[in-house]
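The values are calculated or read from the model by the stated rules, or taken from the named source; none is laboratory data. Predicted model, so just to flag it, every value in this text is computed and none were measured. Every residue, glycine as well, gets a Cβ built from its backbone with ideal geometry; the counts of neighbours run over all protein chains shown.
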Amino acid sequence: MNNYFCVLPFYAKEFKTPETTPCCLLPIGTDVEQVKRDMLDGQRSTACGKCWHLEDRGAKSDRQIKNEIFDFYADKDIDAVESECNQGNYSTRIVKLHTSNLCNSSCVTCNGLASSLWANIRKDDGSYLLNETQERIRRLKPDDSAGNKVWSAHLAWLEGKVQEKETYINFVPKSVFEDINYKDLVMLSFVGGEPLLEKKNFQALEQLLAHNNTNCFISLVSNGSVELTADQKHILSQFKNVNICLSIDGIEERFEYMRHPLKWSVLLDNIKLFRELNYILSVSYLVSNVNVLYYKETVAWFNSQKLPYNHNMVFDPPYFSPYALPIEVKNSIDLSSIPKVQGERDLANFRLAIKELQEQDRLKNISLKDYMPEFYNIVKRYQV
């Protein structure tokens, strides 16, 4: 196998309005056919820069992870898979569903497009969801015609939702669930919102069982707060491999601030339960300027619990990027991926983050200083 091949452009579909893509890491509007040609020619596709960035630094990329899963669960050597792709003999066997924004958390770096709780908190502002989308469009580069086209269409689609002050948004139409080739799926992933709350996700799992496909690798990205019902446990118990990827952005009080109103004790209880049920556990750690100060203690806890993790940096919204920090704070952080330089907009973005945190605290009736006193002391020095 050449070192630049990935199964996703050939075998995967990820469904979420406003677009369908084989990979969430590809830029909006990517020419997927060109990506395929590059890979089959043994070349690095420029569209896959996020994976190359990780691999060049010795970290494991999504490309490598998905290749390994496909190799094992499709019961085919990855070289044979590449040969099939060269012959044009491939079909969708990996599906990822962003079914809805149904969620019980109002995470600091999230918004109403991905959390019904956030949408509900801010529903009195009838244009909240529209504003979120308009802000995304404003952050696009002027020459990003594909991105502007996709998000402008998404904005028009949302207008009808907002007129009715809807807080629950169904991103995946019924026809998608009906068209999935359940018999031949190798991997089915669910993200949210909170996928363990969404009934449609378990209906899709029941379709896999109806097609006797218990070999399919099941992955759910969860905040770890949901108590599984007896029916849900029974459905999941029939699959040979179930991965719960836990979204954890801090420990103890830091977790409860980052993912309010979730409780740390509930997460610990569910981790214990998931292990008793023999689920494969992993962690997605989202690093922002709000929690990066606690990076070492968070990673130390993951390691102590034998929880494999991937950390991802927040880049959207830019004011929550870990780069958006005063230089003195950056110099105190032992994390090589945080450049020890003061970018032109870093301090201005940090002050925008402070304003957003103050507004979030007001809406949630909580205070940053009660959860993250060390970070709060930094905020005090820079707030206007």
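From the set of residues in the range 238-286 that are among the small types (Gly, Ala, Ser) and surrounded by 15 or more Cβ atoms within 10 Å (Cβ to Cβ), which is farthest from Gly192 (Cα to Cα)? Even if it seems obvious, please write down each step before you answer.
First, pick out the residues of the range 238-286 that are among the small types (Gly, Ala, Ser): 247, 250, 265, 282, 284.
This time we only want the ones that are surrounded by 15 or more Cβ atoms within 10 Å (Cβ to Cβ), so: 247, 250, 282, 284.
On the way: Ser247: 11, Gly250: 20, Ser282: 17, Ser284: 13 Å.
Filtering the range 238-286 for residues that are among the small types (Gly, Ala, Ser) and surrounded by 15 or more Cβ atoms within 10 Å (Cβ to Cβ), the one farthest from Gly192 (Cα to Cα) comes out as Gly250.
I'd like the full set of residues that are among the hydrophobic types (A, V, I, L, M, F, W, C) and surrounded by fewer than 19 Cβ atoms within 10 Å (Cβ to Cβ), limited to the range 26-53.
Looking only at the range 26-53, we keep the residues that are among the hydrophobic types (A, V, I, L, M, F, W, C), and these are 26, 28, 32, 35, 39-40, 47-48, 51-52.
Once the filter is applied, which keeps residues that are among the hydrophobic types (A, V, I, L, M, F, W, C) and surrounded by fewer than 19 Cβ atoms within 10 Å (Cβ to Cβ), the range 26-53 yields Ile28, Val32, Leu40, Trp52.
Mind listing just one residue for me: the one in the range 224-237 that is in contact with a Leu (Cβ under 6 Å, 6 or more places away or on another chain) and assigned to a loop (DSSP other than H, G, I, E, B) and, of those, surrounded by the fewest Cβ atoms within 10 Å (Cβ to Cβ)?
Taking the range 224-237 and keeping what is in contact with a Leu (Cβ under 6 Å, 6 or more places away or on another chain), we get 224-226, 235.
From the residues that got through so far, the ones that are assigned to a loop (DSSP other than H, G, I, E, B) too are 224-226.
Values: Gly224: 25, Ser225: 21, Val226: 17.
Filtering the range 224-237 for residues that are in contact with a Leu (Cβ under 6 Å, 6 or more places away or on another chain) and assigned to a loop (DSSP other than H, G, I, E, B), the one surrounded by the fewest Cβ atoms within 10 Å (Cβ to Cβ) comes out as Val226.
Across the range 274-301, what is the total count of residues that are closer than 30 Å to Ala230 by Cβ and part of a helix (DSSP H, G or I)?
Total satisfying the criteria: 3.
Report yes if Ser284 is in contact with a strand residue (DSSP E or B) (Cβ under 8 Å, 6 or more places away or on another chain), among the small types (Gly, Ala, Ser), closer than 23 Å to Ala114 by Cα and modelled with pLDDT under 95, otherwise no. So Ser284 fits the description; yes. Number of residues in the range 87-110 that are under 22 Å from Asn213 (Cβ atoms) and in a loop (DSSP other than H, G, I, E, B) equals 6.
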